[in-house]
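Right, one structure below, let's go through it.
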There are 2 protein chains.
Amino acid sequence: MSGARSRTRRAILSAAASVLARDRTATLPAIAEAANVGRTTLHRYFPDREALIRETIKDSAEVVSRSVQDAAPHEGPPLEAFRRVITAFVDVGDRLMFLFGDPRLLESRGPTSQPIAPGDPVLDLIRRGQAEGVFDPELSPFWIRSVVWSLVYTGCEEAANGNLPRHGVVSTVLRTLENGITRTPARSS
Amino acid sequence: MSGARSRTRRAILSAAASVLARDRTATLPAIAEAANVGRTTLHRYFPDREALIRETIKDSAEVVSRSVQDAAPHEGPPLEAFRRVITAFVDVGDRLMFLFGDPRLLESRGPTSQPIAPGDPVLDLIRRGQAEGVFDPELSPFWIRSVVWSLVYTGCEEAANGNLPRHGVVSTVLRTLENGITRTPARSS
DNA sequence: CCGGAATGGAACGTCAAAGTTCCATCTTGG
DNA sequence: CCAAGATGGAACTTTGACGTTCCATTCCGG
């Protein structure tokens, strides 16, 4: 694959994730325009809408997965690793909002498929945190993971709407995740 | 408006919220079938899709708002009132998932419109809780409200997917909201 | 500089959803 | 019981996205 093709393909996938994150009913022409390519070109790379969605999911999953791996979730104290992971998530907020914006997206593609992080390092991190007595052992690791996604998603949304400064997303999400919404009762860190 | 018309209208609005919550691209025939009415009847009540969506939002907002008011958020200790509100939210989970499932829904309808709870009692409750030293005063009330919606939504979703027992949603969401995901360090209740 | 690759635009056919009309049937209040 | 209202089904037109084809133009590596 030539350099041009590779570049065009990435541009389309990136634009698709971004546009579809905000409106999953976005038309193909709209996506093509966002990617600065003609509608014809889009069809040349992805025969139909279904293929585009499928490839965009795959690509976004890879981007997110790589971002998480770079955060080295299995190294260091759980809370610190956790902070790195959250930061990584926020950095790829667009892809995350695309992947989790549509509840049906991740279900409808293959049974028990785990598009995000095969062998999910985040789940491992959560379990490790519980084993070391840092995370609440009474909450299911799956629930905790859902909460993490949910709050990161909400943080990105608030930032997108201007209700929260970009740089404040990570700290706000982290504070909420660690303490909930109640006043912090001077805990032994 | 006769009794029959009123009943049919409610059935359509309820079905629309339920179906659209799971798939916002659902067709009108699908909604009509879910409401047990003919497609013709649906068009008789709502001229076009736009009108149906608009009225469904309005109706769902009223249902949620009434549910919150019944929870008496301004009475009693903030934490207890808060528990009642969360329970009320989960009870109308279908409507909530419809209202917040699409980020564009609440933005695109009227500028600065606050379809949910005009004069929002939930915000008042949050502010009261902060004033009384129960809720974290460093988090924005708007952020806290978003977190509440987000976690209730996630809880309903997990329940819908069978990952969480119906009756456990409220307690799990509450525990997470109050403590976050970290181990609870024997706090003075 | 050149030839193939890549792109964009225009035009066309296809198709499903949306919206409309008409009429037969059923329900219901008086 | 009866008439007005409410409903459902069938058939039709319209609309817009989708997918395809063809060709002119631009880009880029050799």
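For A:Leu13, the conditions (1) assigned to a helix (DSSP H, G or I); (2) surrounded by fewer than 21 Cβ atoms within 10 Å (Cβ to Cβ); (3) touching a residue at least 24 places away in the same chain (Cβ under 8 Å); (4) within 16 Å of DNA strand D (Cβ to nearest atom) are fulfilled apart from (2). Taken together, the residues in segment A:89-99 that are surrounded by fewer than 21 Cβ atoms within 10 Å (Cβ to Cβ) and within 15 Å of A:Pro121 (Cα to Cα) amount to 0. Being facing chain A (nearest Cβ under 7 Å), out of contact with any helix residue (DSSP H, G or I) (no Cβ under 8 Å at 6 or more places or on another chain) and free of Cβ contacts under 8 Å to residues at least 40 places away in the same chain holds for only one residue in B:Thr172, B:Thr184, and it is B:Thr184.
Among what's in segment B:34-43 and is within 8 Å of DNA strand D (Cβ to nearest atom) and over 15 Å from B:Arg10 (Cβ atoms), pick the residue that is nearest to the other protein chains (Cβ to nearest Cβ). Full working, then the answer.
We begin by selecting, within segment B:34-43, every residue within 8 Å of DNA strand D (Cβ to nearest atom); these are B:36-42.
Next cut, over 15 Å from B:Arg10 (Cβ atoms) only: B:38-40.
Values: B:Gly38: 26, B:Arg39: 21, B:Thr40: 25 Å.
The extreme case among them is B:Arg39.
For segment A:44-55, a tally of residues being in a helix (DSSP H, G or I), near DNA strand D (Cβ under 10 Å from one of its atoms) and of a type in the set (Asp, Glu) returns 1. With respect to the conditions (1) within 14 Å of another protein chain (Cβ to nearest Cβ); (2) away from DNA strand C (no atom under 16 Å from the Cβ); (3) surrounded by fewer than 14 Cβ atoms within 10 Å (Cβ to Cβ), B:Glu50 lacks only one, and its number is (2).
Which is crowded, with 17+ Cβ neighbours inside 10 Å and either among the basic types (Lys, Arg) or modelled with pLDDT of 95 or more (or both), of A:Arg66, A:Arg83?
On the way: A:Arg66 fails: crowded, with 17+ Cβ neighbours inside 10 Å.
Among A:Arg66, A:Arg83, only A:Arg83 is crowded, with 17+ Cβ neighbours inside 10 Å and either among the basic types (Lys, Arg) or modelled with pLDDT of 95 or more (or both).
Out of B:Thr40, B:Thr56, which single residue is among the polar types (S, T, N, Q) and within 9 Å of DNA strand C (Cβ to nearest atom)?
On the way: B:Thr56 fails: within 9 Å of DNA strand C (Cβ to nearest atom).
From the options B:Thr40, B:Thr56, the qualifying one is B:Thr40.
Please work out if A:Ala30 is hydrophobic (A, V, I, L, M, F, W, C) and surrounded by fewer than 17 Cβ atoms within 10 Å (Cβ to Cβ).
Numbers: hydrophobic (A, V, I, L, M, F, W, C): yes; surrounded by fewer than 17 Cβ atoms within 10 Å (Cβ to Cβ): yes.
When the stated conditions are applied, A:Ala30 passes them.
Given the structure, is B:Ser113 at pLDDT below 90, more than 13 Å from every other protein chain (Cβ to nearest Cβ) and either in a loop (DSSP other than H, G, I, E, B) or away from DNA strand C (no atom under 13 Å from the Cβ) (or both)?
On the way: at pLDDT below 90: yes; more than 13 Å from every other protein chain (Cβ to nearest Cβ): yes; either in a loop (DSSP other than H, G, I, E, B) or away from DNA strand C (no atom under 13 Å from the Cβ) (or both): yes.
Yes; evaluated as a whole, the condition is true for this residue.
Would you point out which residue out of A:Ala72, A:Ala26 is within 16 Å of DNA strand D (Cβ to nearest atom) and aliphatic (A, V, I, L, M)?
Result: A:Ala26 is the single residue among A:Ala72, A:Ala26 that is within 16 Å of DNA strand D (Cβ to nearest atom) and aliphatic (A, V, I, L, M).
When A:Ala17, A:Ala35 are checked against the criterion of being in contact with a Ser or Thr (Cβ under 8 Å, 6 or more places away or on another chain) and more than 15 Å from DNA strand C (Cβ to nearest atom), A:Ala17 stands alone in meeting it. The one condition from (1) assigned to a loop (DSSP other than H, G, I, E, B); (2) away from DNA strand C (no atom under 16 Å from the Cβ); (3) basic (Lys, Arg) that A:Arg24 does not meet is (2).
Among (1) within 16 Å of DNA strand C (Cβ to nearest atom); (2) within 14 Å of chain A (Cβ to nearest Cβ), where does B:Leu96 come up short? The number of the failed condition is (1). Scanning segment B:124-169 for residues that are at the interface with chain A (Cβ under 8 Å from one of its Cβ atoms) and charged (D, E, K, R) gives B:Asp136, B:Glu138, B:Glu157, B:Glu158.
Cβ-Cβ distances below 6 Å connect no pair with a first residue in segment A:124-135 that is more than 16 Å from A:Ala72 (Cβ to Cβ) and surrounded by 20 or more Cβ atoms within 10 Å (Cβ to Cβ), a second residue that is basic (Lys, Arg) and modelled with pLDDT under 95, and a separation of six or more residues or different chains.
Out of A:Arg84, A:Arg7, which single residue is more than 16 Å from DNA strand C (Cβ to nearest atom) and more than 13 Å from chain B (Cβ to nearest Cβ)? Steps first, please.
On the way: A:Arg7 fails: more than 16 Å from DNA strand C (Cβ to nearest atom).
After applying the criteria, what remains is A:Arg84.
The values are calculated or read from the model by the stated rules, or taken from the named source; none is laboratory data. Bear in mind the structure is a predicted one, so any value in this text is a computation, not a measurement. Quick reminder, even Gly has a Cβ in these numbers, built from the backbone with ideal geometry, and neighbours come from all protein chains shown.
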